[in-house]
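The values are calculated or read from the model by the stated rules, or taken from the named source; none is laboratory data. Owing to the predicted nature of the structure, the values given are computational and were not obtained by experimental measurement. Ideal geometry is used to build each Cβ from the backbone, glycine not excepted, and the neighbour counts take in all protein chains shown.
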Amino acid sequence: MPEEFKAGCQRPSSRQTSQPQTIEKEETAIKEEKPPMIKVGKPAPDFTLPAFIKGKFANVSLSEYKGKWVLVCFYPGDFTFV
Amino acid sequence: MQELDVEVLSISVDSIFVHKMWNDHELSKMVQDGIPFPMLADQGGDVGRLYGVFDEEGGTETRGRFIIDPDGVVQGFEVLTPPVGRNVGETIRQIQAFQLVRESQGTEATPSGWKPGKKTLKPSPDLVGNVWKEWKVSEAFNE
């Protein structure tokens, strides 16, 4: 289960992905070394992000959901339609 | 999605604090008891880049939707530019189809226009060249 954390003044810095070597580099490096394309039939890249879950704050990893069907939805921003 | 036993994760570049405000001030007025799934904060867009949905110019994420099976494998995705919203019904239909195929262990396939209750196809050497006997073009459009 996701591990809850307290809401502090500092921004949670728990961002992790399964390709940290490409992600942690400088902006220019990312453009040269694009992360692999998502393909159907291939594993979904894992990630960990801070989340708001039913009144609480916790870190959520995709890998926690192994064994279940998952729908991941990106959207442009809060207070827009989804 | 809960009925289909699907876990939903929503992701945007907004902070968890903005997620809370949006939930508390607007979404909880649309959905009783508020949003039931985790709302993830991808500040900086790293996960969006990983999934090919981060818009570098706008600094936001496009409407990308990924169906991931219990083995962690991507079965389908759809990405739309921001002005057009999704069709949730189509997402549900696709999940139902993927679940059926998985439960049949690949012995069944869902032809174009399939939805629950409609006929599936059973791929085999005998089906090659004989789909026309099993499936009519009109079934792609039938409600």
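Out of curiosity, is A:Phe52 of a type in the set (Phe, Trp, Tyr), at pLDDT below 95 and touching a Phe, Trp or Tyr at 6+ places or on another chain (Cβ under 9 Å)? Quick ask: steps written out before the conclusion?
On the way: of a type in the set (Phe, Trp, Tyr): yes; at pLDDT below 95: no; touching a Phe, Trp or Tyr at 6+ places or on another chain (Cβ under 9 Å): yes.
It is false that A:Phe52 is of a type in the set (Phe, Trp, Tyr), at pLDDT below 95 and touching a Phe, Trp or Tyr at 6+ places or on another chain (Cβ under 9 Å).
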Any strands (runs of 3 or more DSSP E) falling wholly within the range A:35-82 and containing at least 3 residues that are more than 7 Å from chain B (Cβ to nearest Cβ): A:56-61
Over the range B:110-137, the set of residues small (Gly, Ala, Ser) and over 25 Å from the mean Cα position of the chain (by Cα) is B:Ser124, B:Gly129
For residues that are facing chain A (nearest Cβ under 8 Å), charged (D, E, K, R) and in a strand (DSSP E or B), tally how many sit in the range B:56-81. 3
It is to be established whether one or more residues within the range B:22-30 are under 20 Å from A:Val70 (Cα atoms) and not polar (S, T, N, Q). no
Scan the range B:12-32 and tell me whether some residue there is within 7 Å of another protein chain (Cβ to nearest Cβ), closer than 26 Å to B:Pro70 by Cβ and in a strand (DSSP E or B). yes
Out of B:Phe77, B:Phe98, B:Phe37, I need the residue that is of a type in the set (Phe, Trp, Tyr), out of contact with any Cys (no Cβ under 8 Å at 6 or more places or on another chain) and over 18 Å from A:Val40 (Cα atoms). Which one? B:Phe37
Of the criteria (1) in contact (Cβ under 8 Å) with a residue 12 or more places away in the chain; (2) of a type in the set (D, E, K, R); (3) under 14 Å from A:Tyr75 (Cα atoms), which one B:Arg49 fails: (1)
Could you check how many residues of the range B:46-55 are under 17 Å from A:Pro50 (Cα atoms) and buried (at least 24 other Cβ atoms within 10 Å of the Cβ)? 1
Options B:Val84, B:Val88, B:Val79; residue that is touching a residue at least 12 places away in the same chain (Cβ under 8 Å) and loosely packed, with under 15 Cβ neighbours inside 10 Å: B:Val84
Flagged in the range B:91-116 as not in a helix (DSSP H, G or I) and not aromatic (Phe, Trp, Tyr), in numbering order, are B:Ser104, B:Gln105, B:Gly106, B:Thr107, B:Glu108, B:Ala109, B:Thr110, B:Pro111, B:Ser112, B:Gly113, B:Lys115, B:Pro116
